[in-house]
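Below: the structure, in structure tokens.
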Amino acid sequence: MRTLVIETATAACSVALIEDGVVIAREHVVVGRGHAERLVPMIAALPDNGRADAILVDCGPGSFTGVRVGLAAARGLGIGWGVPVSGYSSLASIAAAALAEAPGDAIVAVLDGGHGEVFQQAFDADLIADGPAVSRKPADAVAALRGRRVVGQGLARLRTVDAALPESSRLPDAAYVMLLPEALRTLPPAPLYGRAPDAVPSVRA
């Protein structure tokens, strides 16, 4: 089975074509903005124009615009190809990648949430979340770590409160999504905002 993975929820824009658990093609760039302009050419550059039996898309939390760009593309391709579309979480994906590199106990994933805040969610060693993703001010996010290992691009904000925290620029990468357990890569393809969005226009395929 071939799966197209789309990642546009954060500053990264990445795509991967995965067949029977093996990455056969991928591209990952940090663009900040401009996901809408980059995504379609990146998909078209994949083998068979990215054609797959299923589509996985990052539903957030992350950039409101980026989340909508990815969902719109995934839904449109899903309809055009007649294939199922599922979602995954940006925070779970960076936690899974970090645990695959260095297994351990609980881990907290943090990503830049805008408005001076970070999106934060904690997971145990089996990637079971201890609660929903939330948006917090850096000081509150640092207090919520409670000594647990932390990973993610949002660490830059947390280090303004606690410079002893590790540096990290880890962002979600479409190529690593299959590290997630099945339950975390079969979410409904709907936005996971982490906080109430400033504005939520309709996403139409």
Checklist line | Hits in region 101-128 (condition: in contact with a helix residue (DSSP H, G or I) (Cβ under 8 Å, 6 or more places away or on another chain), acidic (D, E) and closer than 17 Å to P166 by Cβ) | finding: D112
Next item on the list: Can you work out which of the residues in region 147-191 that are open to solvent by 50 Å² or more (accessible area, probe 1.4 Å) and acidic (D, E) is farthest from G116 (Cα to Cα)?
Entry: E182
Next item on the list: Spot the failing condition for D20; the list is (1) within 20 Å of V110 (Cβ to Cβ); (2) of a type outside the set (F, W, Y); (3) open to solvent by 10 Å² or more (accessible area, probe 1.4 Å), and only one is missed.
Entry: (1)
Item checked: Only listed residue being of a type in the set (G, A, S), touching a strand residue (DSSP E or B) at 6+ places or on another chain (Cβ under 9 Å) and either in a loop (DSSP other than H, G, I, E, B) or modelled with pLDDT of 95 or more (or both), chosen from A139, A109 -> A109
Note to self: I'd like to check something: does region 93-101 contain any residue that is assigned to a helix (DSSP H, G or I), surrounded by 12 or more Cβ atoms within 10 Å (Cβ to Cβ) and among the β-branched types (V, I, T)?
What the structure shows: yes
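The values are calculated or read from the model by the stated rules, or taken from the named source; none is laboratory data. This structure is a prediction, so every number in the text was calculated from the model and none was measured. Glycine gets a Cβ as well: all are built from the backbone with ideal geometry, and neighbour counts include every protein chain shown. Areas reflect the complete protein model, heavy atoms only, side chains present, ligands, DNA and RNA absent. Shrake-Rupley method; radii C 1.70, N 1.55, O 1.52, S 1.80 Å.
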